[in-house]
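Down below is the structure, laid out as structure tokens.
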Amino acid sequence: MSLESAMQRLDAAWENPEGTARKMHADGCKVVGFLGATVPVELIAASGAYPFRLKGSAPGVDYGATDLSDTLMEPVRETYLRQLFDRMLKGDLEWIDLLVIPRTSEGLLQLYYLIDYARSLDIGQRMPRVYLLDLLQTQHDYSIRYNRKVLSDFAERLGEITGTLPDEAAITLEIAATNETRRAFRDLCTSGKLTGIQRLKLSAFGQHEPRAEFKALIGEFQKAEPKAVSKAIALSGSTQENAAVYDAFAAHGVDIAIEDHDWGAAIYEHDASLEDDPIAALEARYRVHGLSLRQFVRRQPELGVDGKPTQISAVAFFFEENDDTLGWEYPDEKTRLERVNLKSIVLRGPVGSEACQKAISDFAAQLPVRAGGTAND
Amino acid sequence: MTDMVFQSVADEPLATTALAKEKQKNWFKDFRTRSMEQGEPYVIAAAVSPHEIFHTMDVPVVTNTWYSSIISAKRQSPYYFDLMEKLGFHGDLPRYLSLPMMTTLDNDPERAPYGGLPKPALILDRLRGDYAQRISTKWAAAFDTETFFLDVPAQKKLIPNWWELAQCDWETLYESHRLDYQVEQIKALIEVAERTCGRRFDMDHFEGEMHRINQAGENVARARDAIASAEKCPVSLPDQLTNVMAATWNRGSQWSVDHTAAYAGEIEARVANKQAICPGEKTRLLWLNTGLWFNTGFYRAFEESHNATFVWSMYSNYFSDGYRKYFDGDPLRALAARSISMNEQLHLPPWMAGWILKQAEEFRASGAVMLTPIGDRLSSYGTRACIDMLERAGLPVLELSASMVDARLWDNDAMIARVGDFIDQRVKA
């Protein structure tokens with residue numbers, strides 16, 4: 001594979017994130033879809049199923065109105081959930097063998113119950129089979145015990161789907177392989193060889209494409225030259241399924257060097273331990289480090305995936321419309337960032353709005369221009 | 001013809017309403033004396049958390065939503081919302097649960113209701129959404145105090161007609177694995193409560209509290225039955241709220257048992273004496289979702305103009321239907337059952353809508369008005385599916401989008417016109 005063909009493969013997956021999973025299903029493989037960044041893919045893979053994470057819409061693909069979901073779902077809900085629910089009502093996701101919904105945000109939990117209700121209606125007859133993964137993110141010892149049972153039950157459910165109950169050895173192998181891929185991706189992210197948009201695409205690639213291909217692409221991008229950036233910032237806040245925010249900054253010469261949302265590089269920041277019982281290792285990894293709205297300790301947005309400061313000059317906080325959670329931390333974060341000489345700005349969605357575009361333009365103009373080097377130098 | 005037989009008590013609140021207000025006023029005076037002047041510990045807690053632990057230890061509990069409603073009722077919410085924006089919190093962040101914290105961040109006792117809240121021994125919150133932990137953590141930091149977060153495993157199956165199982169067969173309803181978790185959590189909470197408050201938890205005393213809550217719930221059920229079966233509504237919704245909520249905040253006390261008995265008795269007497277708040281009543285309405293705290297008079301705005309009364313809101317009888325938990329064994333498990341699914345029962349569409357339909361039938365209501373909160377995603381969850389279920393079942397629903405606490409966003413004339421039109425056009429008398 002060449003770098004050029006790697007780019008083509010990356011773009012193809014970006015435009016059609018369900019393509020591979022659909023092909024797998026057509027070829028007879030059991031396909032387990034999941035939402036959010038807190039579902040242990042290691043368990044799914046250990047059962048022999050193909051894990052892939054769903055988006056509300058494919059980047060660049062306008063799914064248009066959410067007419068069906070709007071009849072049952074409040075307009076203040078997360079855009080990607082409204083889109084997903086609309087697609088479920090239309091039967092677009094009926095083919096998935098099992099859709100795993102973690103309860104690591106209230107929006108996801110409410111979606112699970114709404115799907116249940118929709119099944120009782122005429123318009124809800126083509127819903128996929130869903131599974132609620134009731135993973136708690138509190139640090140209580142009784143939460144840990146509860147979660148381990150939850151993950152064991154999940155493994156059994158996967159076994160029912162695939163006919164292969166994930167055993168300790170299989171889970172351990174998957175943990176090791178997943179960790180190795182995460183490490184490779186982290187190394188690439190800190191090498192300065194990716195633009196923000198490429199990193200976002202590659203990060204998403206790892207969520208819905210085969211691990212072997214993910215590793216191969218990482219390998220190809222490692223052969224590239226480091227990219228000098230003149231203006232670099234970090235992005236914090238709401239999830240970004242597409243590159244609209246990245247594109248808006250790039251149009252003003254600003255690269256997003258790191259992000260903390262749950263489609264970005266931070267998904268790969270932490271490994272699961274190979275020292276513990278595999279269920280315990282997965283429980284700890286996803287409870288503590290699973291990026292979600294319920295996560296207790298959020299990462300510092302200015303740090304790279306290696307935990308070291310990046311060469312950025314500012315942090316942009318983007319909160320989607322009706323955000324009720326992430327914005328609480330902004331005033332304290334602003335103060336903390338000022339202490340380390342980093343500017344910050346709050347951007348409100350939608351990114352295409354005139355106000356948001358102007359705010360990005362004005363903010364970009366204020367940022368200092370670097371003499372050279374990558375965002376990680 | 002019927003109108004002539006009924007005596008109007010439109011302008012006569014229940015005698016127990018004044019007593020309930022007096023109780024709350026005295027409670028707050030006592031709280032201030034003990035906690036502010038004498039330095040006794042107290043706790044700030046979410047409404048849907050097990051206050052019973054602290055009641056048993058004689059530790060005052062201030063409910064954050066209660067204080068929020070007080071701020072709102074005193075029409076001070078606009079000041080604190082402006083402050084919120086000045087401090088850098090964006091405008092979509094939820095307001096209902098954040099108002100009390102703003103009084104602490106403002107640190108102006110002259111302005112805050114009752115002089116503001118002193119430093120608590122503990123802030124107790126339940127993670128019913130995603131932001132409770134963020135508000136409470138920030139609030140606790142401002143006070144330099146401790147937090148305890150109650151987590152809640154998700155209900156796997158929503159058994160229909162929850163109210164039929166909630167009082168006696170709660171083990172089946174709420175799922176044993178969830179109750180196991182919750183009991184462990186409550187035990188951990190007791191340890192933290194004992195440490196932070198410096199008091200001992202007495203199980204015998206607690207068991208007595210639990211029985212008294214069931215007794216008070218029975219009295220609220222009596223009141224519910226009297227209102228529902230009355231030919232004309234004998235008591236206004238604001239009166240219902242004042243009495244039942246005072247008993248709820250003071251649950252477990254002998255006062256709450258006696259007060260609810262007097263409340264039920266007074267309503268029953270009104271029914272027997274053919275007294276009604278709107279003798280010409282032709283239409284009964286339900287108020288859905290949370291209350292309109294800064295303007296409870298709104299509930300009564302349609303009695304003269306449309307002969308329509310609001311007869312019910314979820315506060316009318318959740319105390320009887322949701323709080324009562326009869327038990328033979330471990331009272332902690334009964335407490336776990338009470339607090340584990342409060343929010344789900346009140347806000348999760350199948351449970352919420354099922355209960356509302358039951359009330360509509362029993363209270364003979366022919367329409368409902370639902371407050372869909374602005375600026376509070378959590379409180380909006382489930383409203384659209386609930387409306388869908390109610391409409392499918394034949395109960396017309398008017399959705400009003402408004403803030404529960406922000407008077408700045410409320411256009412009273414426009415809202416009265418909307419409800420009036422709704423009654424005229426969609427609600428059958």
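The values are calculated or read from the model by the stated rules, or taken from the named source; none is laboratory data. Keep in mind that what you see is a predicted model, and the values were worked out from it rather than measured. Heads up, the Cβs are rebuilt from the backbone with ideal geometry, glycines too, and the neighbour counts pull from every protein chain shown. Accessible surface is based on the protein model in full, side chains and every heavy atom, while ligands, DNA and RNA are left aside. Shrake-Rupley method; radii C 1.70, N 1.55, O 1.52, S 1.80 Å.
Please report the equivalent ellipsoid semi-axes of the protein assembly as shown, computed as sqrt(5 x eigenvalue) of the Cα gyration tensor, largest first, in whole Å. Don't skip to the end; give the middle numbers.
Numbers: eigenvalues 464, 159, 148 Å².
One finds semi-axes of 48, 28, 27 Å for the protein assembly as shown.
For chain A, find the longest principal axis of its Cα atoms and tell me its angle to the long axis of helix A:106-118, 0 to 90°, nearest 10.
40 degrees
Please work out the Cα convex hull volume for the stretch A:1-371 and give it in Å³ per residue.
Working: hull volume 51.3 nm³, N = 371.
Given the Cα convex hull of the stretch A:1-371, per-residue volume reads 138 Å³.
Between A:Ala212 and A:Asp167, what is the FRET efficiency for a Förster distance of 25 Å, r being their Cβ-Cβ separation, to the nearest 0.05? Walk me through the numbers before you get to the answer.
Numbers: r = 22 Å, r/R0 = 0.89.
After rounding to 0.05, the efficiency reads 0.65.
Would you mind working out the magnitude of the charge dipole of the protein assembly as shown relative to its Cα centre, with +1 at each Lys and Arg C-beta and -1 at each Asp and Glu C-beta, to the nearest 20 Debye? Walk me through the numbers before you get to the answer.
Details: 88 positive and 114 negative charges, 131 e Å.
For this selection, approximately 640 debye.
Give me the net charge for the shell around A:Ala58: Cβ to Cβ below 9 angstrom, other residues only, Lys and Arg +1, Asp and Glu -1.
Numbers: positive: A:Lys55; negative: A:Glu15, A:Glu18, A:Glu241.
Net charge around A:Ala58: -2.
Note the buried accessible area between A and B here, summed over both chains, with a 1.4 Å probe, in Å² to the nearest 100.
On the way: alone 15950 and 17080 Å², together 28750 Å².
Buried: approximately 4300 Å² between B and A.
Assign unit charges at the C-beta atoms only (+1 for Lys and Arg, -1 for Asp and Glu), then state the dipole size of the stretch A:1-371 relative to its Cα centre in Debye, rounded to the nearest 20. All intermediate terms of the calculation are to be shown ahead of the outcome.
Values: 42 positive and 56 negative charges, 135 e Å.
Dipole size: approximately 640 debye.
Averaged per residue, what accessible surface does the stretch B:49-203 expose to a 1.4 Å probe, in Å²?
Numbers: 5380 Å² over 155 residues.
In whole numbers, the stretch B:49-203 has 35 Å² accessible per residue.
What distance in nm separates the two pseudo spin-label positions at B:Arg34 and A:Leu274, each 7 Å out from Cα along the beta-carbon direction?
5.8 nm
Scan around B:Val62 for amide H atoms under 5 Å from its own, H built in the peptide plane at 1.01 Å from N, and keep only partners 5 or more places away or cross-chain.
B:Val43, B:Ile44, B:Ala45
Give me D for the stretch A:110-156 in µm² s⁻¹, whole number, from Stokes-Einstein with Rh from the Kirkwood sum over alpha-carbon pairs, 10 °C and 1.306 mPa s. Walk me through the intermediate numbers first.
Details: Rh = 12.5 Å.
It diffuses with D of about 127 µm²/s by this estimate.
Put simply, what bits of the stretch A:290-322 lose 20 Å² or more of accessible area when the other protein chains are there, versus the chain on its own (1.4 Å probe)?
Residues meeting the cut-off: A:Leu293, A:Arg294, A:Phe296, A:Asn322.
Please check the stretch A:105-138 for residues whose accessible area, probe 1.4 Å, is lower by 30 Å² or more when all protein chains are in place than in their chain alone.
Those are A:Glu106, A:Gln110, A:Tyr113, A:Tyr117, A:Leu121, A:Leu132, A:Asp134, A:Leu136, A:Thr138, which lose 30 Å² or more relative to the chain on its own.
Taking only Cα atoms and a 10 Å spring cutoff, compute GNM fluctuations for chain B and point out the largest among B:Gly208, B:Gly39, B:Gly329.
Among B:Gly208, B:Gly39, B:Gly329, the largest GNM mean-square fluctuation belongs to B:Gly329.
Add -39500 (n - 2.57) for each DSSP H run of 4 or more in chain A, then divide by its residues: what number comes out at 222 nm, to the nearest 500 deg cm²/dmol? Please list the in-between numbers first.
Working: 14 runs with 166 residues, N = 377.
That calculation yields -13500 deg cm²/dmol at 222 nm.
State, as an integer percentage, the relative contact order of chain B based on alpha-carbon contacts under 8 Å between residues 6 or more apart.
Values: 698 pairs, mean separation 87.5, N = 429.
Once normalised by length, the contact order is 20 percent.
In the protein assembly as shown, carbon and sulfur make up what percent of the accessible area (probe 1.4 Å)? Walk me through the numbers on the way to the answer.
On the way: 14300 of 28750 Å².
Exposed carbon and sulfur together represent 50 percent of the surface.
Which net charge results when you count Lys and Arg as +1 and Asp and Glu as -1 among the other residues whose beta-carbon is under 10 Å from that of A:Glu42? Write down the numbers at each step before the final one.
On the way: positive: A:Arg285; negative: A:Glu174.
Around A:Glu42, the surrounding residues sum to 0.
Between B:Glu231 and B:Ser176, 0.36 nm times their residue separation minus their Cα-Cα distance comes to what? Present the calculation step by step, with values, prior to reporting the outcome.
Working: separation 55, 0.36 × 55 = 19.80 nm, distance 4.21 nm.
Gain in length upon complete extension: 15.6 nm.
Under the definition of Cα pairs under 8 Å and six or more residues apart, what whole-number percent is the relative contact order of chain A?
On the way: 649 pairs, mean separation 69.1, N = 377.
Reported as a whole number, the value is 18 percent.
Can you work out the Karplus-derived ³J(HN,Hα) for every residue in the stretch B:133-142? Use 6.51 cos²θ - 1.76 cosθ + 1.60 with θ = phi - 60°, whole Hz, and x for glycine or proline.
5, 6, 5, 5, 5, 5, 5, 4, 5, 5
³J(HN,Hα) across the stretch B:275-285 via Karplus (A = 6.51, B = -1.76, C = 1.60, θ = phi - 60°), whole Hz, x for Gly/Pro?
For the stretch B:275-285, the Karplus-derived couplings read 9, 9, 6, 8, x, x, 3, 10, 10, 10, 10 Hz, x marking Gly and Pro.
In degrees between 0 and 90, to the nearest 10, how far off the longest principal axis of chain A does helix A:211-222 point, with axes built from Cα atoms?
Long axis of A:211-222 versus the principal axis of chain A: about 10 degrees.
Non-local amide H neighbours of B:Ile374 (under 5 Å, H modeled in plane, Pro and chain starts lacking H): which ones?
B:Ala402, B:Ser403, B:Met404
In Å and whole numbers, how far do the C-alpha atoms of the stretch B:2-426 stretch along each principal axis, longest first?
Computed over the Cα atoms, the extents are 61, 53, 41 Å.
Just subtract the alpha-carbon distance of B:Arg75 and B:Glu362 from 0.36 nm times their residue separation and send over the number in nm, one decimal.
Details: separation 287, 0.36 × 287 = 103.32 nm, distance 3.50 nm.
Result: 99.8 nm gained on full extension.
Grab the beta carbon distance between B:Leu165 and A:Lys90, set R0 = 22 Å, and tell me the FRET efficiency rounded to 0.05. All intermediate terms of the calculation are to be shown ahead of the outcome.
On the way: r = 36 Å, r/R0 = 1.63.
Result of the calculation: an efficiency of 0.05.
Which residue, chosen from B:Gln215, B:Gly420, B:Asn343, occupies the Cα position most advanced towards the positive end of the dipole of the stretch B:2-426, where the dipole is computed from +1 (Lys, Arg) and -1 (Asp, Glu) charges on Cβ about the Cα centre?
B:Gly420
Let's see if you can work this out: charge +1 on each Lys and Arg Cβ, -1 on each Asp and Glu Cβ, no other charges. What is the dipole magnitude of chain B about its Cα centre, in debye to the nearest 20? Before the final figure, lay out the partial values.
Numbers: 46 positive and 57 negative charges, 76 e Å.
It works out to roughly 360 debye.
Helix B:203-229 versus the longest principal axis of chain B: what angle, 0 to 90°, nearest 10, using Cα atoms?
Once rounded, one gets 10 degrees.
As a test of the formula, what do you get for chain B when each DSSP H run with n ≥ 4 contributes -39,500 (n - 2.57) and the sum is divided by the residue count, at 222 nm and rounded to the nearest 500 deg cm²/dmol? Could the numbers behind the result be given before it?
Numbers: 21 runs with 224 residues, N = 429.
Computed mean residue ellipticity for chain B: -15500 deg cm²/dmol.
Distance in nm between label sites at A:Glu354 and A:Met24, each 7 Å beyond Cα in the beta-carbon direction?
4.5 nm
Using the Karplus curve 6.51 cos²θ - 1.76 cosθ + 1.60 with θ = phi - 60°, what ³J(HN,Hα) values do you get for each residue of the stretch A:186-192, in whole Hz, with x for Gly and Pro?
Result, ordered by residue: 4, 4, 5, 4, 8, 8, x Hz.
Leaving out ligands and nucleic acids, note down the accessible area per residue over the stretch A:1-371 with a 1.4 angstrom probe, in whole Å².
Working: 13630 Å² over 371 residues.
Value for the stretch A:1-371: 37 Å² per residue.
Can you list residues from other chains, or at least 5 along the same chain, whose modelled amide H is less than 5 Å from the amide H of A:Tyr131?
Amide H neighbours of A:Tyr131: A:Leu99, A:Val100, A:Ile101.
In the stretch A:57-113, if every C-alpha pair distance is counted and binned at 5 Å from zero, what percent goes to each bin?
4, 18, 29, 27, 19, 5
Compute the distance in nm between two label points, each set 7 Å from the Cα along the Cα-to-Cβ direction, one at B:Asp204 and one at B:Lys187.
Computed distance between label sites B:Asp204 and B:Lys187 equals 2.2 nm.
Evaluate E = 1/(1 + (r/R0)^6) for A:Val369 and B:Asn107, where r is the Cβ-Cβ distance and R0 equals 51 Å; express this FRET efficiency to the nearest 0.05.
Details: r = 42 Å, r/R0 = 0.82.
My answer for the efficiency is 0.75.
Could you work out the relative contact order of the stretch A:187-266, using alpha carbon pairs under 8 angstrom and six or more residues apart, expressed as a whole percent? Kindly include the intermediate steps, with their values, before the conclusion.
Values: 96 pairs, mean separation 31.7, N = 80.
Rounded, it is 40 percent for the stretch A:187-266.
Taking accessible area as the heavy-atom solvent-accessible surface of the protein chains with a 1.4 Å probe, which residues of the stretch B:308-349 lose no less than 50 Å² upon going from the isolated chain to the full protein assembly?
B:Leu348
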